[in-house]
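Below: the structure, in structure tokens.
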């Protein structure tokens, strides 16, 4: 039976279990993964928690450029972003993360929750930053570092539940290991690029205006639903960044760099993105472009190209990820 992924703001029990699972994964080193097995050179192997292996995988994928057949890499396409693979790559990542949560929670029916971040048009700023999600009883709020909620940082290692160990430095861009851990960084609503979250009108426009999944040149300037949802092409009446990208920018801090899975809200954001993709496919068909015959189709972004994970030996193709109805469903989908 398929599990159900639920709206985290409508299900306090799911929110509590999500936070518990994240903190358990942070403390779980049972897989024996080290920075050496993940491809990072160091004089001594550094153990990596079950949670942090996903952080490193995402960062690595963002730093694998994916050129087109002519050897060009327009608009910084990489192994997981700015191209057609964006939605299936993250669907694969979310599913693996969900399985890890089920493992540490000892609950095979636990579904990864989503954050439905779209607000009604002209929603005041205070209502967005004071959402129940950002409270002590949610996932905590802004901070350098965040000190409240289930992922708040404590200087006392004995009291600490959550800390960041592997991160792209916000100022230098360098991938950095923090041996003593540091707190999670967030700046809710402080980005000049994203003064507000995406609106329901923008979500509706993305769902209803696009009949094709993607189109040449399969990059950050392409027509199609994938690019509109990813947030590079923002559509009429909005300003960049859009939808998914706008959420990253609005949350800010650790969500603004390649190691964005350091912030657990990453998974709530991408689960909602996956929900919107699922709604679009139910209406438009479970189709994907490019395939191997599509002109200029880049390797790693085609229908049958393998998606390789750093956290498992299992691989998947976009073709394997178009219909997941046997694995999970959502408690509610938007109208298309």
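The table that follows gives values for the structure above.
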item	result
Search result, residues across segment 161-180 that are under 19 Å from residue 28 (Cα atoms) and crowded, with 16+ Cβ neighbours inside 10 Å	161, 162, 163, 164, 165, 166, 167
Selected residue (only one of 31, 49, 84, 41 is more than 30 Å from residue 299 (Cβ to Cβ) and either in a loop (DSSP other than H, G, I, E, B) or at pLDDT 95 or above (or both))	49
Members of segment 143-156 found to be surrounded by fewer than 19 Cβ atoms within 10 Å (Cβ to Cβ) and touching a residue at least 24 places away in the same chain (Cβ under 8 Å), listed by number	143, 144, 147
Failed item in (1) in contact (Cβ under 8 Å) with a residue 40 or more places away in the chain; (2) crowded, with 24+ Cβ neighbours inside 10 Å; (3) not in a loop (DSSP other than H, G, I, E, B), with residue 201 passing the rest	(2)
Answer from 64, 85, 8, 56 - the residue that is surrounded by fewer than 13 Cβ atoms within 10 Å (Cβ to Cβ) and within 19 Å of the chain's Cα centre (by Cα)	64
Residue count for segment 67-82, restricted to those that are without any contact (Cβ under 8 Å) to a residue 40 or more places away in the chain, out of contact with any strand residue (DSSP E or B) (no Cβ under 8 Å at 6 or more places or on another chain) and either more than 24 Å from residue 18 (Cβ to Cβ) or surrounded by fewer than 19 Cβ atoms within 10 Å (Cβ to Cβ) (or both)	2
Subset of segment 279-293 (residues that are surrounded by fewer than 23 Cβ atoms within 10 Å (Cβ to Cβ) and either part of a helix (DSSP H, G or I) or free of Cβ contacts under 8 Å to residues at least 24 places away in the same chain (or both))	279, 281, 282, 283, 284, 285, 291, 292, 293
Breaking point among (1) farther than 18 Å from residue 55 by Cα; (2) in contact with a strand residue (DSSP E or B) (Cβ under 8 Å, 6 or more places away or on another chain), for residue 175	(1)
Every residue from segment 104-132 that is buried (at least 20 other Cβ atoms within 10 Å of the Cβ) and not in a loop (DSSP other than H, G, I, E, B)	104, 114
Set 227, 272, 245: member being in contact with a strand residue (DSSP E or B) (Cβ under 7 Å, 6 or more places away or on another chain), closer than 30 Å to residue 15 by Cα and part of a helix (DSSP H, G or I)	272
Within segment 172-190, tally of residues that are part of a loop (DSSP other than H, G, I, E, B) and touching a helix residue (DSSP H, G or I) at 6+ places or on another chain (Cβ under 7 Å)	5
Residue check for residue 64: under 22 Å from residue 320 (Cβ atoms) and either at pLDDT below 95 or out of contact with any helix residue (DSSP H, G or I) (no Cβ under 9 Å at 6 or more places or on another chain) (or both)	yes
Condition met for residue 95 (surrounded by fewer than 21 Cβ atoms within 10 Å (Cβ to Cβ), at negative phi, at pLDDT 95 or above and not in a loop (DSSP other than H, G, I, E, B))	yes
Selection count where residues are touching a residue at least 24 places away in the same chain (Cβ under 8 Å) and either surrounded by 17 or more Cβ atoms within 10 Å (Cβ to Cβ) or touching a helix residue (DSSP H, G or I) at 6+ places or on another chain (Cβ under 9 Å) (or both), scope segment 294-313	12
Residues of segment 316-326 that turn out to be farther than 20 Å from residue 207 by Cβ, touching a helix residue (DSSP H, G or I) at 6+ places or on another chain (Cβ under 9 Å) and surrounded by fewer than 15 Cβ atoms within 10 Å (Cβ to Cβ), as a count	0
Residue match in segment 313-325 (condition: within 20 Å of residue 94 (Cα to Cα), part of a loop (DSSP other than H, G, I, E, B) and modelled with pLDDT under 95)	yes
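The values are calculated or read from the model by the stated rules, or taken from the named source; none is laboratory data. These figures come from a predicted structure and were not determined experimentally. Note: ideal-geometry Cβ built from the backbone for every residue, glycine included; neighbour counts use all protein chains shown.
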